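Visitor: My structure is below; once you've seen it, I'll send some questions.
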Amino acid sequence: MYRLPRGGARVPPPGAARLLDDAHLAALGTGQAQTRALLALESFNDTWLVGLAAFGIHLVLLGVLVIRSGWAPRLLGVLLAIAGVAYVVDTLAQTLLPDYQAVAPVFLAIVAVPSMVGEGWLGLWLLLTRRFAR
């Protein structure tokens, strides 16, 4: 589910857009301003990937805690851990594969299925169960 906002990540960050305004174009020249804007966009993507990897590690740890706690279904913990591993593998693939776009739909499916099921189930489980620690 956290993968869904990724479409919003395709919108240029404000810093990149500012580099293409008239003042920057006049001061830097078109070529240099465009190069700096592209670098800002690539930096944003790199930061996004680091965040996805950190979120994946978080899901793995959360999955382990769910499995060990006994308070929630073990399958939920397994799905969360699988989703976390999928996030990390996808991030590594984006970083290491020279032609990631050719296999991006496969990785999207690998990440989307366990993350949507696991994270959705976790959200519903948290909302619908009435177990409180006493």
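Every number here is computed from the coordinates shown, using simple stated rules; none is lab data. No experiment lies behind these values; they were computed from the predicted model shown. Note: ideal-geometry Cβ built from the backbone for every residue, glycine included; neighbour counts use all protein chains shown.
Visitor: Order 78-91, 117-130, 96-109 from most to least packed using the mean count of other Cβ atoms within 10 Å.
Guide: Put in order of decreasing packing, that is 78-91, 117-130, 96-109.
Visitor: Compute the length gained on full extension between residue 124 and residue 58: take 0.36 nm times their separation in residues and subtract their Cα-Cα distance, giving the result in nm to one decimal.
Guide: Full extension of this stretch gives 21.9 nm more.
Visitor: Could you compute the FRET efficiency for residue 78 and residue 43, with r as their C-beta to C-beta distance and R0 at 22 Å, rounded to 0.05?
Guide: Calculated value: 0.05.
Visitor: Tell me the relative contact order for region 75-134 as a rounded percent, counting alpha carbon contacts under 8 Å between residues six or more apart.
Guide: This gives 52 percent for region 75-134.
Visitor: Let me ask something additional. Calculated FRET efficiency, residue 101 and residue 50, Cβ-Cβ r, R0 25 Å, to nearest 0.05?
Guide: Using R0 = 25 Å, I get an efficiency of 0.80.
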